[in-house]
Amino acid sequence: MGAITYDMEIPSSIPAAKMFKALVLDADNLIPKIMPQAVKNVEILEGDGGVGTVKLIHFGEGSQFKSAKHRVDALDTKNLTHSYSIIEGDALMDILDSVTYHVKIVPIEDGGCVCKNRSIYHVKDGVELSEDKIKEGKEKAMAMFKAIEAYVQAN
């Protein structure tokens, strides 16, 4: 199995703690509310929302996928970091064993923040992951971030 790592940084005018709350802590309720075409709902299968929690994400009508299981790998509300993995589901497209995401929200001097996101795609042996698939994932992540940012600014 090989791994492909992709890093992305997204600046925001939203204060870091507020963005972390929306993007991480409130995401299970917020994303289906503001992007129902992307995510219909999130169901907790195991755990209390902290480390080790397993969630079933049901994608919305606008998604090419039906569902994915996420596992919370790390959550640090003091340092504004969160790691989780997609461990099952058609979102792995039969070419990935898993995908791990590391998110860190970093405050910046002007009162805003930068969302640093590292995605690690664990590719199945003998399978290739195209740059187009990675780009598609990056664009979806960016759209979701911008939708959450717009919601927080408006509310």
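Bear in mind these aren't lab numbers, they're just calculated from the coordinates by the rules spelled out. This structure is a prediction, so every number in the text was calculated from the model and none was measured. Neighbour counts are summed over all protein chains in view; Cβ atoms, including those assigned to glycine, are modelled from backbone coordinates with ideal geometry.
Tabulated values for the structure
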quantity	calculated
Virtual spin-label span in nm between His58 and Ala147, 7 Å along Cα→Cβ	1.7
Which of Met35, Met142 has the fewest Cβ neighbours within 10 Å, and the rest in rising order	Met142, Met35
Eligible lysines near Lys18 by straight Cα distance, threshold 18 Å, same-chain separation 8 or greater	Lys33, Lys78, Lys104, Lys116, Lys146
Those GluC sites (Glu not before Pro) in segment 76-155 that DSSP places in a loop and that have at most 15 other beta carbons within 10 Å	Glu109, Glu128
